[in-house]
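The values are calculated or read from the model by the stated rules, or taken from the named source; none is laboratory data. Remember, predicted model here, so these are calculated numbers, not experimental data. In this analysis, Cβ positions are derived from the backbone assuming ideal geometry, glycine residues included, and neighbour counts consider all displayed protein chains.
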Amino acid sequence: MQPFVDVSKHTSNRTVFRYLIPFGIIAFCVLAYFLSTQFDRVPPILKRGMQPSDFPQLIIGLIIILSVWLIFRDNDKTPKRMTKVVHLTMGLLVGFLIIADIDLFLGLGLFATMLTILWGERRAWAIILVGLFVPFSVFFLFDSIFEVRFPRGLLTNIWYG
Amino acid sequence: MINMDALLNGLFALADPYLLMLLFAATLGGVLVGALPGLNATTGVALLLPFTITMEPIPAIAILTAIYCAATFAGAITAILINTPGTSASATTCLDGYPLAQRGEAGRALGMAAVSSTIGGIISVVCLMAAAPLLARAAYNFAPPEYFALTVFGLSMLATIGDGSPVKNIISGAFGILVATVGIDLLTSVERFTFGLNELSEGIPFVPVMIGVFGISELLVQADNLHVERKQVVMKSIRLPNMNDYRKVWKTILRSSGIGTFIGILPAEGATVASMIGYNEAKRWSKTPEEFGHGSLEGIAGSEAANNSATGGAMVPTLALGIPGSPTAAVILAGLMVHGLRPGPTMFTDQADFAYAIFWSMLLVNILFFFIGLWGAKIFARVTFVPIQILWPIVFIFSIVGAYALEQSMMDVWIAVGSGILGFYMRRYGFSVVPMAIGLILGGMLETRLGQSMVMLDEKWWLMLNRPLSLFFFVLTILALFGPPVWDRIIKYRLKRKVAGK
């Protein structure tokens, strides 16, 4: 006897994604098309073969046609559920962007530390290597050798004065 | 015809000890990149690109191509020793490499992979030296309509990239082209999709997007693979293949080198497709096809010679026409543009010394990775065991600093992270990120050439079809897009009729 499998949830998920993605793309394209109608138009004397909105609209049209095709002919399987770690990693990325506004290297150090811990690393030397040693080394490598000026922030101000 | 002066000048450029040292380091780095979990040639080149910005064009592009060649080869090391292809181009090497390694013949398998890769690589670079100037010469008289049609053909080949849906690949490519329209229109100087942000007026920069879609999206993919365990086989000693082995496989190596070079030259088709076809052809022509999948040296030779020869092949359209021959070549093309170089026919007249210096450096790298890869295989095999929870946070730090360093703008950091998250979701739902990256690179060129064609043809686009070469490229485009599904249907119909007849 076959084990009982609740396929209803899977099927409904599949149906949702089957239509959600092409419709989402079409909605994006409609918005992009609307934005393209707001571009300035140039007089015929300055026109170089096309108006500025012509080419984007051509591409948007192509994407819409292909997305409509996708509604009827998408045979791809629904991907399996994302793990909690993926969600949390994405959350860390967003957190990094927020902290990077205060200081880029503070954001990098914290992100690297949290990520290595989230992914299961518990050894102190590894956490210090990833969260402290590498960001510091990368900062001095780029600042001194590649002469990259990093944005001023909480920590970089200490170096830049 | 080959420009002998440029050929020699290119060779003399390699006499610079600084360049030689860089090439050695890049080859070593490339082999490491190919062996590290989750990293491949495309990601490696995208991550390294910002580091090359302060360099002169020859060393900068030479080390990018060195990473490309070496990482493509290094995929075989992990394929043979731990049954995990370091790059997708080595997937077929696993089929015979790992069974050989399990029998205690890892050295023989690695030796065969190194020899086949080196020969394949050298043959393809020689073809590159001969074919690229010829192709450039043929393209020298192309007018904008021909260029437009050629670029459309190049983009149509994106449909067949990877194993995903062709429609999704084209949507992804078209999205890349749409992203390329952000910024000030080059033809009319009108701002488009900038939302009043000054940072966007010059358009979405290639490098942060490449770093995002190839590097940061892979970090999220790796977050899903934390449970994967890697087991290494014991490699007692490196026993190289003997003369009998070589005698058995030399035809396979030559055949696969030819296949790989040809596949590489086709726009967008890279080492992965080449290795699959090379492997299948090796099996088809073999006297012992039953050994394939159980540890056949011919299988390794067929796959490795093909994937490495595709690297040289892929550089032919990249340098001669400005159309990338593979995903990694697309990133190298972005690198050429960032360095202010103009890939295309003029490269072999205006920058011929540069082009030949790159060819020679690729030739040298193909010889270098033979020694580095073969004698360092044991060490590189250990590299594969670097825990990903240490590796990927470090990769992220380099990705972000690399994205920032180019324009020294925080906007680029946002673009890199945004592209990474977008790339992850695209991959999750079957949209390859490679067409998007190539679309972004070629988008500007495509629009400019369409605009120039419209001016030239008095805004009558249909006149493009009156030009034989443009028509030829459009016919090729239609064949590339509709040929495979029509062919599939014909085969299925014939099979049905055959079954019904029985």
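Some observations on this one:
Rundown of residues vs (1) under 15 Å from B:Leu363 (Cα atoms); (2) in contact (Cβ under 8 Å) with a residue 24 or more places away in the chain; (3) of a type in the set (Ser, Thr, Tyr), yes/no style:
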site: B:Leu39; (1), (2), (3): no, yes, no
site: B:Leu47; (1), (2), (3): no, yes, no
site: B:Thr54; (1), (2), (3): no, no, yes
site: B:Pro59; (1), (2), (3): yes, yes, no
site: B:Ala66; (1), (2), (3): yes, yes, no
site: B:Phe73; (1), (2), (3): yes, yes, no
site: B:Ser88; (1), (2), (3): no, yes, yes
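- Residue satisfying all of: in segment B:267-315; of a type in the set (Val, Ile, Thr), at pLDDT 85 or above and not in a loop (DSSP other than H, G, I, E, B); surrounded by the fewest Cβ atoms within 10 Å (Cβ to Cβ) among these: B:Ile277
- For segment B:446-471, a residue qualifies if it is touching a helix residue (DSSP H, G or I) at 6+ places or on another chain (Cβ under 8 Å) and more than 13 Å from chain A (Cβ to nearest Cβ), and the qualifying residues are B:Leu465, B:Arg467, B:Leu469, B:Ser470, B:Leu471.
- Only residues that are touching a Phe, Trp or Tyr at 6+ places or on another chain (Cβ under 9 Å) and closer than 20 Å to B:Phe424 by Cβ were counted in segment A:75-113, giving 17.
Conditions tested, residue by residue: (1) hydrophobic (A, V, I, L, M, F, W, C); (2) assigned to a helix (DSSP H, G or I); (3) crowded, with 21+ Cβ neighbours inside 10 Å; (4) free of Cβ contacts under 8 Å to residues at least 40 places away in the same chain.
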{"site": "B:Phe385", "(1), (2), (3), (4)": "yes, no, no, no"}
{"site": "B:Trp392", "(1), (2), (3), (4)": "yes, yes, yes, no"}
{"site": "B:Phe396", "(1), (2), (3), (4)": "yes, yes, yes, no"}
{"site": "B:Ala403", "(1), (2), (3), (4)": "yes, yes, yes, no"}
{"site": "B:Val413", "(1), (2), (3), (4)": "yes, yes, yes, no"}
{"site": "B:Ser419", "(1), (2), (3), (4)": "no, yes, yes, no"}
{"site": "B:Tyr425", "(1), (2), (3), (4)": "no, yes, no, yes"}
{"site": "B:Ile438", "(1), (2), (3), (4)": "yes, yes, yes, no"}
{"site": "B:Gly443", "(1), (2), (3), (4)": "no, yes, yes, no"}
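- Search result, residues across segment B:215-237 that are in a loop (DSSP other than H, G, I, E, B), away from chain A (no Cβ under 12 Å) and modelled with pLDDT of 60 or more: B:Val228, B:Glu229, B:Arg230, B:Lys231
- Candidate set: segment A:45-56, residues that are within 7 Å of chain B (Cβ to nearest Cβ) and part of a helix (DSSP H, G or I); chosen: the one nearest to B:Phe175 (Cα to Cα): A:Pro56
- All helices (runs of 4 or more DSSP H) inside segment A:111-161 with 1 or more residues being within 25 Å of B:Asp412 (Cβ to Cβ): A:134-140, A:156-160
- Restricted to segment B:1-78, the set of helices (runs of 4 or more DSSP H) holding at least 2 residues that are modelled with pLDDT of 90 or more comprises B:17-35.
- Segment A:67-78 - residue that is exposed (fewer than 13 other Cβ atoms within 10 Å of the Cβ) and more than 24 Å from the chain's Cα centre (by Cα) and, of those, farthest from the other protein chains (Cβ to nearest Cβ): A:Phe72
- Filter result (outside any helix (DSSP H, G or I) and at pLDDT below 90) within segment B:137-183: B:Tyr140, B:Asn141, B:Phe142, B:Ala143, B:Ile161, B:Gly162, B:Asp163, B:Gly164, B:Ser165
- Residue within segment A:97-108 that is outside the structural domain of A:Arg18 (by TED's automatic domain parsing) and under 30 Å from B:Gly173 (Cβ atoms) present: yes
- Considering only residues in segment A:33-54 that are in contact with a Leu (Cβ under 8 Å, 6 or more places away or on another chain) and not small (Gly, Ala, Ser), the one that is modelled with the lowest pLDDT turns out to be A:Arg48.
- Filtered residues of segment A:29-44 (kept if outside any loop (DSSP other than H, G, I, E, B), free of Cβ contacts under 8 Å to residues at least 24 places away in the same chain and facing another protein chain (nearest Cβ under 9 Å)): A:Leu35
- Which numbered condition B:Met21 fails, given (1) in contact with a Leu (Cβ under 9 Å, 6 or more places away or on another chain); (2) surrounded by fewer than 18 Cβ atoms within 10 Å (Cβ to Cβ); (3) without any contact (Cβ under 8 Å) to a residue 40 or more places away in the chain: (1)
- Every residue from segment B:95-137 that is closer than 14 Å to B:His294 by Cβ, of a type in the set (A, V, I, L, M, F, W, C) and surrounded by fewer than 22 Cβ atoms within 10 Å (Cβ to Cβ): B:Leu95
- The residues in segment A:109-161 that are more than 7 Å from every other protein chain (Cβ to nearest Cβ), surrounded by fewer than 16 Cβ atoms within 10 Å (Cβ to Cβ) and in contact with a helix residue (DSSP H, G or I) (Cβ under 7 Å, 6 or more places away or on another chain) can be counted, and the count is 3.
- The condition (being surrounded by 13 or more Cβ atoms within 10 Å (Cβ to Cβ), more than 7 Å from chain B (Cβ to nearest Cβ) and in a helix (DSSP H, G or I)) is satisfied by just one residue among A:Ile64, A:Ile59: A:Ile64.
- B:Phe431 at the interface with chain A (Cβ under 10 Å from one of its Cβ atoms), touching a Ser or Thr at 6+ places or on another chain (Cβ under 6 Å) and more than 26 Å from A:Ala112 (Cα to Cα): yes
- Boolean, B:Gly212 is of a type outside the set (Phe, Trp, Tyr), part of a loop (DSSP other than H, G, I, E, B) and either modelled with pLDDT under 90 or within 23 Å of B:Pro435 (Cα to Cα) (or both): no
Per-residue answers, yes or no, for (1) farther than 21 Å from B:Val179 by Cα; (2) of a type in the set (Lys, Arg); (3) at pLDDT 90 or above:
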site	(1), (2), (3)
B:Ile323	no, no, no
B:Phe348	yes, no, no
B:Asp353	yes, no, no
B:Leu364	yes, no, yes
B:Trp375	yes, no, no
B:Phe380	yes, no, no
B:Phe385	yes, no, no
B:Gly418	no, no, yes
B:Ile421	no, no, yes
